[in-house]
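These notes concern the structure reproduced below.
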Amino acid sequence: MTFGPGAVLLLLAVCIAIYALLIEPLQCELVHVDIPAQRFPDGLRILFLTDMHHHRWGKREDGFVRCLSTSPVDIIVFGGDFLGSNAGIATSLRFVALVRDRFPNTPMYGVCGNAEHKMRPSVRKAFLQQLSEIGIVLLNNANVKSIVRDREINVVGTDDPYYGFHDLDLAFTNIDPDCPTLLITHSPQVIRTSVLYKPSLVLSGHTHGGQIRLPGIGPIRTQNPLSRRIAMGLFTPSELSKILKTKADSSCWLYVSRGMGLAFVPHLRWLAPRLLCRPEVTLITIIK
(Lines give C-alpha, C1' and ligand atoms only; values in the text may rest on other atoms or scores of the structure.)
Protein backbone atom coordinates (compact mmCIF):
# COMPACT_ATOMS: atom_id res chain seq x y z
CA MET A 1 0.00 0.00 0.00
CA THR A 2 1.42 3.38 -0.95
CA PHE A 3 0.46 6.89 0.07
CA GLY A 4 0.44 9.81 -2.31
CA PRO A 5 1.87 13.24 -1.48
CA GLY A 6 -1.55 14.51 -0.47
CA ALA A 7 -2.05 11.74 2.08
CA VAL A 8 1.43 12.28 3.50
CA LEU A 9 0.81 16.01 3.90
CA LEU A 10 -2.53 15.35 5.56
CA LEU A 11 -0.95 12.90 8.00
CA LEU A 12 1.80 15.41 8.77
CA ALA A 13 -0.76 18.15 9.36
CA VAL A 14 -2.73 15.91 11.73
CA CYS A 15 0.43 15.05 13.69
CA ILE A 16 1.42 18.72 13.97
CA ALA A 17 -2.11 19.65 15.10
CA ILE A 18 -2.11 16.94 17.79
CA TYR A 19 1.30 18.08 19.01
CA ALA A 20 0.40 21.79 19.00
CA LEU A 21 -2.96 21.34 20.71
CA LEU A 22 -2.39 18.47 23.12
CA ILE A 23 1.33 18.11 23.82
CA GLU A 24 3.37 21.31 23.64
CA PRO A 25 0.90 23.44 25.69
CA LEU A 26 1.54 21.05 28.60
CA GLN A 27 5.34 21.21 28.30
CA CYS A 28 6.03 24.18 30.53
CA GLU A 29 9.75 24.62 31.19
CA LEU A 30 11.84 26.51 33.74
CA VAL A 31 14.00 28.92 31.76
CA HIS A 32 17.19 30.22 33.40
CA VAL A 33 18.25 33.68 32.26
CA ASP A 34 21.43 35.48 33.36
CA ILE A 35 21.37 39.27 32.96
CA PRO A 36 24.36 41.57 33.61
CA ALA A 37 22.25 44.51 34.82
CA GLN A 38 25.06 46.20 36.68
CA ARG A 39 23.17 48.31 39.22
CA PHE A 40 21.32 45.42 40.84
CA PRO A 41 22.83 43.33 43.65
CA ASP A 42 24.99 40.52 42.31
CA GLY A 43 23.18 37.20 42.40
CA LEU A 44 19.69 38.69 42.71
CA ARG A 45 17.17 35.99 41.72
CA ILE A 46 13.79 36.95 40.27
CA LEU A 47 11.05 34.38 39.63
CA PHE A 48 8.93 35.74 36.78
CA LEU A 49 5.45 34.30 36.23
CA THR A 50 3.17 35.75 33.58
CA ASP A 51 0.24 35.01 31.28
CA MET A 52 -1.09 32.08 33.27
CA HIS A 53 -4.57 32.46 31.71
CA HIS A 54 -6.10 30.21 34.34
CA HIS A 55 -9.37 28.41 33.78
CA ARG A 56 -10.11 25.36 35.92
CA TRP A 57 -7.21 23.52 37.56
CA GLY A 58 -5.84 20.85 35.26
CA LYS A 59 -2.73 19.35 33.73
CA ARG A 60 -1.41 22.76 32.69
CA GLU A 61 -1.45 23.98 36.28
CA ASP A 62 0.22 20.78 37.46
CA GLY A 63 2.96 21.56 34.93
CA PHE A 64 3.29 25.11 36.24
CA VAL A 65 3.86 23.80 39.74
CA ARG A 66 6.50 21.33 38.55
CA CYS A 67 8.38 24.20 36.90
CA LEU A 68 8.68 26.33 40.01
CA SER A 69 12.25 26.72 41.15
CA THR A 70 13.29 24.52 44.06
CA SER A 71 15.95 27.04 45.10
CA PRO A 72 15.27 30.22 47.08
CA VAL A 73 14.49 33.40 45.15
CA ASP A 74 14.66 37.04 46.23
CA ILE A 75 11.62 38.49 44.42
CA ILE A 76 8.57 37.00 42.74
CA VAL A 77 7.00 38.95 39.87
CA PHE A 78 3.59 38.35 38.29
CA GLY A 79 3.31 39.98 34.86
CA GLY A 80 -0.48 39.99 34.47
CA ASP A 81 -3.09 37.98 32.59
CA PHE A 82 -3.78 35.82 35.60
CA LEU A 83 -7.10 34.72 34.11
CA GLY A 84 -8.35 33.05 30.98
CA SER A 85 -11.94 33.44 32.14
CA ASN A 86 -13.87 34.28 35.28
CA ALA A 87 -14.00 30.54 35.91
CA GLY A 88 -10.27 30.75 36.56
CA ILE A 89 -10.49 33.02 39.60
CA ALA A 90 -10.42 30.17 42.13
CA THR A 91 -7.63 28.43 40.21
CA SER A 92 -5.56 31.61 40.07
CA LEU A 93 -5.92 32.25 43.78
CA ARG A 94 -4.97 28.64 44.49
CA PHE A 95 -1.86 28.91 42.32
CA VAL A 96 -0.73 32.22 43.80
CA ALA A 97 -1.20 30.84 47.33
CA LEU A 98 0.84 27.79 46.38
CA VAL A 99 3.65 30.04 45.09
CA ARG A 100 3.53 32.02 48.34
CA ASP A 101 3.74 28.86 50.41
CA ARG A 102 6.59 27.51 48.28
CA PHE A 103 8.58 30.72 48.86
CA PRO A 104 7.51 32.02 52.28
CA ASN A 105 8.59 35.54 53.24
CA THR A 106 9.59 36.32 49.64
CA PRO A 107 8.13 39.62 48.40
CA MET A 108 5.64 39.23 45.54
CA TYR A 109 4.78 42.02 43.10
CA GLY A 110 2.31 42.06 40.25
CA VAL A 111 0.45 44.09 37.64
CA CYS A 112 -2.73 43.69 35.65
CA GLY A 113 -2.76 42.40 32.10
CA ASN A 114 -5.40 43.04 29.48
CA ALA A 115 -7.23 39.87 30.56
CA GLU A 116 -8.06 41.44 33.91
CA HIS A 117 -9.65 44.40 32.12
CA LYS A 118 -12.08 42.09 30.36
CA MET A 119 -13.76 41.51 33.73
CA ARG A 120 -16.58 43.60 35.11
CA PRO A 121 -15.06 46.34 37.30
CA SER A 122 -16.66 44.99 40.47
CA VAL A 123 -15.39 41.45 39.77
CA ARG A 124 -11.90 42.75 38.93
CA LYS A 125 -11.78 44.84 42.11
CA ALA A 126 -12.74 41.84 44.25
CA PHE A 127 -10.22 39.59 42.48
CA LEU A 128 -7.36 42.08 42.91
CA GLN A 129 -8.27 42.47 46.57
CA GLN A 130 -8.02 38.69 47.00
CA LEU A 131 -4.61 38.68 45.31
CA SER A 132 -3.49 41.40 47.71
CA GLU A 133 -4.73 39.41 50.70
CA ILE A 134 -2.66 36.41 49.57
CA GLY A 135 0.41 38.62 49.47
CA ILE A 136 0.91 40.19 46.04
CA VAL A 137 1.76 43.89 46.15
CA LEU A 138 -0.08 45.17 43.08
CA LEU A 139 1.74 47.99 41.30
CA ASN A 140 -0.72 49.25 38.72
CA ASN A 141 0.92 52.60 37.90
CA ALA A 142 2.73 52.64 41.23
CA ASN A 143 6.12 51.93 42.79
CA VAL A 144 7.64 50.74 46.04
CA LYS A 145 11.10 50.26 47.47
CA SER A 146 12.18 46.73 48.22
CA ILE A 147 15.21 45.65 50.24
CA VAL A 148 16.90 42.62 48.69
CA ARG A 149 20.33 41.28 49.53
CA ASP A 150 20.77 44.28 51.86
CA ARG A 151 20.23 46.73 49.00
CA GLU A 152 17.31 49.00 48.16
CA ILE A 153 15.79 48.73 44.70
CA ASN A 154 12.82 50.45 43.09
CA VAL A 155 10.06 48.13 41.92
CA VAL A 156 7.77 49.93 39.46
CA GLY A 157 4.66 48.58 37.76
CA THR A 158 2.26 49.83 35.13
CA ASP A 159 -1.33 48.90 34.56
CA ASP A 160 -1.99 47.12 31.26
CA PRO A 161 -0.52 48.98 28.25
CA TYR A 162 -2.30 46.90 25.60
CA TYR A 163 -5.68 48.38 26.45
CA GLY A 164 -4.12 51.73 27.32
CA PHE A 165 -4.37 51.70 31.12
CA HIS A 166 -0.67 52.42 31.71
CA ASP A 167 0.60 55.73 33.06
CA LEU A 168 4.40 55.86 33.18
CA ASP A 169 4.52 59.32 34.76
CA LEU A 170 2.33 58.11 37.61
CA ALA A 171 4.19 54.81 37.91
CA PHE A 172 7.54 56.59 38.31
CA THR A 173 6.31 59.33 40.64
CA ASN A 174 8.90 60.18 43.33
CA ILE A 175 11.20 57.37 42.24
CA ASP A 176 14.62 57.33 43.91
CA PRO A 177 17.18 57.87 41.13
CA ASP A 178 19.99 56.51 43.31
CA CYS A 179 18.42 53.03 43.39
CA PRO A 180 18.30 50.53 40.52
CA THR A 181 14.82 50.16 39.05
CA LEU A 182 12.91 47.04 38.03
CA LEU A 183 9.92 47.84 35.80
CA ILE A 184 7.05 45.36 35.44
CA THR A 185 4.71 46.02 32.52
CA HIS A 186 2.41 43.46 30.94
CA SER A 187 3.13 44.29 27.30
CA PRO A 188 6.57 45.22 25.91
CA GLN A 189 5.00 47.82 23.62
CA VAL A 190 5.95 50.62 26.04
CA ILE A 191 9.69 49.91 25.93
CA ARG A 192 10.41 52.88 23.65
CA THR A 193 8.97 55.37 26.14
CA SER A 194 9.83 53.51 29.33
CA VAL A 195 13.59 53.65 28.66
CA LEU A 196 13.34 57.43 29.09
CA TYR A 197 12.71 56.77 32.81
CA LYS A 198 15.97 54.78 32.96
CA PRO A 199 14.90 51.45 34.47
CA SER A 200 17.72 48.95 34.73
CA LEU A 201 15.52 45.97 33.80
CA VAL A 202 12.07 45.70 32.23
CA LEU A 203 10.04 42.49 32.50
CA SER A 204 7.00 41.83 30.33
CA GLY A 205 4.95 39.08 28.76
CA HIS A 206 1.72 39.34 26.75
CA THR A 207 3.16 38.19 23.41
CA HIS A 208 3.30 34.46 24.31
CA GLY A 209 6.37 34.50 22.05
CA GLY A 210 3.88 34.44 19.20
CA GLN A 211 2.51 31.11 20.52
CA ILE A 212 2.89 29.68 17.01
CA ARG A 213 6.37 30.01 15.49
CA LEU A 214 7.36 28.73 12.06
CA PRO A 215 10.92 27.75 11.08
CA GLY A 216 12.63 30.55 9.21
CA ILE A 217 9.66 32.88 9.77
CA GLY A 218 9.28 33.19 13.51
CA PRO A 219 6.03 34.30 15.15
CA ILE A 220 3.00 34.82 12.96
CA ARG A 221 1.50 37.31 15.40
CA THR A 222 2.68 38.76 18.71
CA GLN A 223 0.05 41.40 19.55
CA ASN A 224 2.91 43.81 20.16
CA PRO A 225 1.99 47.00 18.26
CA LEU A 226 5.55 48.28 18.64
CA SER A 227 7.43 45.57 16.77
CA ARG A 228 6.91 41.92 15.85
CA ARG A 229 10.65 41.50 16.42
CA ILE A 230 10.15 42.03 20.15
CA ALA A 231 8.43 38.72 20.66
CA MET A 232 10.33 36.81 23.32
CA GLY A 233 13.63 36.48 25.13
CA LEU A 234 16.35 38.81 26.31
CA PHE A 235 17.12 42.10 24.58
CA THR A 236 20.31 44.02 25.30
CA PRO A 237 20.38 47.84 25.22
CA SER A 238 22.17 47.77 21.86
CA GLU A 239 19.64 45.32 20.38
CA LEU A 240 16.78 47.52 21.55
CA SER A 241 18.48 50.53 19.99
CA LYS A 242 18.70 48.78 16.61
CA ILE A 243 15.10 47.55 16.68
CA LEU A 244 13.62 50.83 17.88
CA LYS A 245 16.06 53.01 15.91
CA THR A 246 16.81 55.03 19.02
CA LYS A 247 19.90 55.87 21.04
CA ALA A 248 20.69 52.99 23.38
CA ASP A 249 20.10 53.44 27.10
CA SER A 250 23.14 51.70 28.55
CA SER A 251 21.31 50.65 31.72
CA CYS A 252 18.12 49.14 30.29
CA TRP A 253 17.64 45.44 29.56
CA LEU A 254 14.33 43.90 28.46
CA TYR A 255 13.11 40.37 28.99
CA VAL A 256 9.90 39.18 27.29
CA SER A 257 8.54 35.88 28.56
CA ARG A 258 6.76 33.37 26.33
CA GLY A 259 4.24 33.12 29.14
CA MET A 260 2.76 30.10 30.83
CA GLY A 261 -0.73 29.85 29.40
CA LEU A 262 -2.58 30.07 26.12
CA ALA A 263 -4.60 32.50 24.06
CA PHE A 264 -7.40 31.21 21.87
CA VAL A 265 -7.50 31.75 18.14
CA PRO A 266 -10.02 34.60 17.57
CA HIS A 267 -13.59 33.33 17.09
CA LEU A 268 -12.41 29.74 17.69
CA ARG A 269 -12.31 29.48 21.48
CA TRP A 270 -11.68 25.74 21.39
CA LEU A 271 -8.47 26.29 19.43
CA ALA A 272 -5.44 27.22 21.55
CA PRO A 273 -2.22 25.79 20.08
CA ARG A 274 1.45 26.25 20.88
CA LEU A 275 3.98 25.33 18.24
CA LEU A 276 7.77 25.62 18.65
CA CYS A 277 7.07 28.02 21.51
CA ARG A 278 6.86 26.16 24.80
CA PRO A 279 5.28 27.85 27.83
CA GLU A 280 7.80 29.05 30.39
CA VAL A 281 8.42 29.94 34.00
CA THR A 282 11.44 32.26 34.13
CA LEU A 283 14.19 32.38 36.74
CA ILE A 284 16.32 35.49 36.24
CA THR A 285 19.71 35.84 37.93
CA ILE A 286 21.61 39.12 37.96
CA ILE A 287 25.28 38.52 37.23
CA LYS A 288 28.32 40.81 37.18
Exercise. Regarding GLY210, is this residue touching a residue at least 60 places away in the same chain (Cβ under 8 Å), touching a Ser or Thr at 6+ places or on another chain (Cβ under 7 Å) and surrounded by fewer than 24 Cβ atoms within 10 Å (Cβ to Cβ)?
Worked result: yes
Exercise. Which one is surrounded by the fewest Cβ atoms within 10 Å (Cβ to Cβ) among residues in region 69-96 that are in contact with an Asp or Glu (Cβ under 8 Å, 6 or more places away or on another chain) and under 22 Å from PRO188 (Cβ atoms)?
Worked result: LEU83
Exercise. Of all residues in region 1-30, how many are farther than 10 Å from PRO273 by Cα and in contact with a helix residue (DSSP H, G or I) (Cβ under 9 Å, 6 or more places away or on another chain)?
Worked result: 6
For this session: Spot the failing condition for THR222; the list is (1) surrounded by fewer than 21 Cβ atoms within 10 Å (Cβ to Cβ); (2) modelled with pLDDT under 95, and only one is missed.
Result: (1)
Exercise. Of all residues in region 59-100 being at pLDDT 95 or above, more than 18 Å from the chain's Cα centre (by Cα) and small (Gly, Ala, Ser), which is farthest from PRO25 (Cα to Cα)?
Worked result: ALA97
Problem set entry | Hits in region 107-150 - residues which are surrounded by 15 or more Cβ atoms within 10 Å (Cβ to Cβ), more than 16 Å from ASP51 (Cα to Cα) and without any contact (Cβ under 8 Å) to a residue 24 or more places away in the chain | ARG124
Problem set entry | Matching residues, region 90-105, being free of Cβ contacts under 8 Å to residues at least 40 places away in the same chain and either in a loop (DSSP other than H, G, I, E, B) or not charged (D, E, K, R) (or both) | ALA90, THR91, ALA97, LEU98, PRO104, ASN105
Problem set entry | Test: SER146 is out of contact with any Asp or Glu (no Cβ under 7 Å at 6 or more places or on another chain) and either within 16 Å of ARG39 (Cβ to Cβ) or outside any helix (DSSP H, G or I) (or both) | yes
Seminar exercise, completed: If we ask which residues in region 63-84 are under 15 Å from THR285 (Cβ atoms) and either of a type outside the set (A, V, I, L, M, F, W, C) or part of a loop (DSSP other than H, G, I, E, B) (or both), their number turns out to be 6
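The values are calculated or read from the model by the stated rules, or taken from the named source; none is laboratory data. Here the structure is a predicted model, which is why all the values come from computation and not from measurement. Virtual Cβ from ideal backbone geometry, glycine too; neighbours counted across all protein chains shown.
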